[in-house]
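Comments concern the structure below.
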Amino acid sequence: MDTSKPRVAIAGILHESNSFFRRPTRLTDFDISRGDQVPAAYAAGASEIAGFLDGARKFGFEVVPVLVAWATPGGPVETQAFEALTTELIGTLKAQPHLDGLLLALHGAMVSDEFPHADAEIARRVREAVGPGFPVVVTHDFHGNVAPDMIRYTDVLLSYKTNPHIDQHECGTKAARILHQILTGRARPVQAIAKPALLYNIRFQNTNLEPLRSIVDESRMLERDPRVLTVSVLGGYQYADTPAMGASVVVVTDNEPDLARAEADRLGRMLWDTRDRLRLDLPDAAAAVRQACASS
Ligand SMILES: [Zn+2]
């Protein structure tokens, strides 16, 4: 163990769960990497895990790779699978003689048989295991349906900014950079979340196009403010019948709670103001079938 370097655990449990889909997602559906398998499987890729690893190298962390598990989007995760993965994650964290922080990738739209917001349950258990004051930085997919409790269990929550997703790696390195700022005493993150009562159909979730483009651009502008650590605008995932389903804004500032609250609310209002532009103009079932037949 190199005691001069901060020891940072890297982990991920990622699933986008369609709660309307009947086939459950089982433990055998998950691709699982453990320990040294994690950098072997992820270091060369474009994921947030690769970003964590790159950031860890850049900021001089001693990496403790724990567990990365992901499965193809599907039905809710079976309780047995959820418990097995979460127990292994927490057991491995607790077995470490010393850790200084955690970089944890969660999709944000995982549903289990028992927990409609399974990511929040993972974060809750992690916080319970590591205690208050231990830095936990969590990343989410743009499609996360963020349960408000997530910001209580984590120090920093940030998501990809883009859909189609092209910035997962950048999101991971940013998470590592913020953790570095925390560990060197240069940042004391506080977070606020806004959840306007809005559901974005997937057709309106392309962040290269309006109405979301200008709001994501605004989140980038806001990040130029030195008091702001990170700003996330999440489109949400519509195929989940869960209490916190829908769009979210999460603003993390450096010990400026009023600023975090005000900016989360401002961007939340920007989302809300798009509601008149979200009407779908799609053919009904019969017309869709006619169109499909005509195009074949
Ligand atoms: Zn996604």
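Listing for the model above:
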quantity	calculated
Selection status of T162, within 14 Å of the ligand (Cβ to nearest atom), surrounded by fewer than 19 Cβ atoms within 10 Å (Cβ to Cβ), in a loop (DSSP other than H, G, I, E, B) and among the polar types (S, T, N, Q)	yes
Test: G108 is at positive phi, within 16 Å of the ligand (Cβ to nearest atom) and either hydrophobic (A, V, I, L, M, F, W, C) or within 15 Å of the chain's Cα centre (by Cα) (or both)	yes
Flag if D254 is at pLDDT 95 or above, among the acidic types (D, E) and either within 16 Å of the ligand (Cβ to nearest atom) or surrounded by fewer than 18 Cβ atoms within 10 Å (Cβ to Cβ) (or both)	no
Some residue of segment 44-51 being surrounded by fewer than 18 Cβ atoms within 10 Å (Cβ to Cβ) and polar (S, T, N, Q)	no
Qualifying residue in segment 207-221 (condition: part of a helix (DSSP H, G or I), of a type in the set (V, I, T) and buried (at least 19 other Cβ atoms within 10 Å of the Cβ))	yes
Residue in segment 192-200 that is within 15 Å of the ligand (Cβ to nearest atom) and closer than 26 Å to D241 by Cβ present	yes
Residue within segment 12-27 that is within 22 Å of I182 (Cα to Cα), surrounded by 15 or more Cβ atoms within 10 Å (Cβ to Cβ) and modelled with pLDDT of 95 or more present	yes
Subset of segment 179-206 [over 22 Å from L102 (Cα atoms) and part of a loop (DSSP other than H, G, I, E, B)]	K195, P196, A197, L198, L199, Y200, N201, Q205, N206
Whichever residue in segment 170-180 is within 16 Å of the ligand (Cβ to nearest atom) and buried (at least 21 other Cβ atoms within 10 Å of the Cβ) and, among such residues, is nearest to L222 (Cα to Cα)	C171
Boolean, F21 is more than 18 Å from E170 (Cβ to Cβ), touching a residue at least 60 places away in the same chain (Cβ under 8 Å) and not in a strand (DSSP E or B)	yes
Any hit, segment 194-203, residues being free of Cβ contacts under 8 Å to residues at least 60 places away in the same chain, among the charged types (D, E, K, R), under 23 Å from P76 (Cβ atoms) and in contact with a helix residue (DSSP H, G or I) (Cβ under 8 Å, 6 or more places away or on another chain)	no
Matching residues in segment 20-49 - criterion: being among the aromatic types (F, W, Y) and within 21 Å of the chain's Cα centre (by Cα)	F30, Y42
Residue satisfying condition, being on the phi < 0 side of the Ramachandran plot and over 16 Å from the mean Cα position of the chain (by Cα), within set V130, V138	V130
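The values are calculated or read from the model by the stated rules, or taken from the named source; none is laboratory data. This is a predicted model, so every value here is computed, not measured. Virtual Cβ from ideal backbone geometry, glycine too; neighbours counted across all protein chains shown.
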